[in-house]
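Written below as structure tokens is the structure these notes are about.
The values are calculated or read from the model by the stated rules, or taken from the named source; none is laboratory data. This is a predicted model, so every value here is computed, not measured. Neighbour counts run over all protein chains shown; Cβ positions are idealised from the backbone, glycine included. Note: areas computed on protein heavy atoms with side chains; ligands, DNA, RNA excluded. Shrake-Rupley method; radii C 1.70, N 1.55, O 1.52, S 1.80 Å.
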Amino acid sequence: MKVESASKSKPKFRNDPALGRGAAFHFRRDWELYLLLLIPLSFVLVFKYAPMSGLVLAFKDYKIARGFWGSEWVGFEVFAEIFAKHDFGRAVRNTLLLNSLDLVFSFTIPVLLAILLNEIKNVKFKRINQTLLYLPHFLSWIIIGAIAYQLLSESNGVINNLIAMMGGTRIPFLQEDNNWLVSYLAIGIWQSMGWGTIIYLASMSGINPELYEAATVDGAGRWRKVWNVTLPSIRATIVTLLIMNLGRVMEGSFERIFALQNKATTEFTTTIPVLVYRWGIESGNFSRATALGLFQSVIGLVLVLLADRVAKKLGEDGLL
């Protein structure tokens with residue numbers, strides 16, 4: 001009987017008019033969808049792939065007078081030049097330091113914040129807190145930098161004025177290297193933690209409520225449910241975002257450092273994006289800036305591939 005029912009069901013698929021048709025048929029049938037697809041596809045081609053032709057500057061001694069293709073081809077000489085510079089080693093060190101600290105704090109705190117928000121039962125209170133936490137994400141780093149100096153400046157900052165009024169000693173939050181590093185991390189966490197919770201909260205909303213009910217029956221408390229139900233359920237999301245963040249360890253935020261830097265703190269403010277700006281925009285050495293940017297992108301790609309492979313070895317799906 002099973003064989004007969006299976007054989008009877010085959011003609012239904014054979015009679016499907018869409019089967020066996022070519023690309024022209026599918027294009028005529030769904031041309032509106034293909035037309036909509038042209039918008040994001042054009043954006044990617046124009047702003048993502050077309051600029052890649054400029055990477056050839058990393059292998060040329062680029063001179064504006066000679067033009068893009070007329071400049072002399074020098075191979076890897078530009079890379080050897082930037083690798084030998086003292087600023088390169090310093091920029092790599094600072095980029096890895098700042099982004100590694102960001103990965104430890106700015107990546108983990110949104111997970112904890114999402115768990116706390118998920119445990120709030122008062123819906124109105126929860127929405128108000130979410131809105132307040134999301135708002136800093138929509139402020140530009142120039143505005144955030146101006147606010148930071150108004151609050152944390154050693155001479156006339158609001159916080160230091162309050163400390164002085166209470167008889168304390170003014171703290172150079174942004175005028176001393178180590179204090180600047182702590183302030184840099186704290187401001188970055190404040191700016192990104194609310195927005196980073198969105199994906200985790202969306203992932204938590206898909207957890208089966210029966211899992212929590214079963215844990216309650218087994219006598220689990222609130223934090224035991226978080227440990228045994230919530231975290232394992234969003235583990236795939238955490239791993240995916242961790243892989244993506246590892247790819248940005250060599251990047252960093254130019255706007256963030258540029259808005260918070262000053263002449264008194266120069267130990268940690270030289271990073272790869274800042275060095276690309278100095279070499280390319282300020283000094284006009286486009287070959288050197290392009291080579292440094294290409295080096296940064298290649299290292300980021302390698303880190304993503306390595307992290308993806310490690311995730312798969314640990315039993316996760318990964319990205320690729």
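Quick notes
- Expressed as a whole percent, the accessible surface of segment 223-316 that belongs to carbon and sulfur atoms is 61, based on a 1.4 Å probe.
- The chain - Rg over Rh from alpha carbon coordinates, Kirkwood radius: 1.09
- Gyration tensor verdict on segment 46-108 (Cα atoms; rounded if a/c is under 1.5, prolate if a/b is larger than b/c, oblate otherwise): oblate
- With 29 Å as the limit, the listed pairs Lys124/Lys225; Lys63/Lys263; Lys48/Lys313; Lys85/Lys263 have Lys63/Lys263; Lys48/Lys313 beyond it between alpha carbons.
- Shape category assigned to segment 72-194 from the gyration tensor of Cα positions, a/c cut at 1.5: oblate
- Close amide-amide hydrogen proximity is noted between Lys60 and Val74, each under 5 Å apart and 5 or more residues distant or on a separate chain (H modeled in the peptide plane; Pro and chain starts excluded).
- Remark: the Val302-Arg170 segment gains 43.1 nm on full extension, using 0.36 nm per residue and subtracting the alpha carbon distance.
- Rel. contact order, % - alpha carbon contacts under 8 angstrom, at least six apart, segment 56-96: 33
- Met244 contributes about 90 Å² of solvent-accessible surface, heavy atoms of the protein only, 1.4 Å probe.
- The stretch between Trp31 and Tyr134, if pulled fully straight at 0.36 nm per residue, gains 33.2 nm over its current Cα-Cα span.
- Anisotropy class of segment 235-296 from Cα gyration tensor, a/c 1.5 cut: oblate
- Mean Kyte hydropathy of -0.5 or more with a Cα span along the axis of at least 27 Å, helices from DSSP in the chain: 86-119, 177-205, 286-313
- Of all stretches in the chain that contain no trypsin sites (Lys or Arg not before Pro) in a DSSP loop with at most 16 other Cβ atoms within 10 Å, the longest one is 171-247.
- Normalised by the number of residues in the chain, the mean separation of alpha-carbon contacts (under 8 Å, six or more apart) gives a relative contact order of 24 percent.
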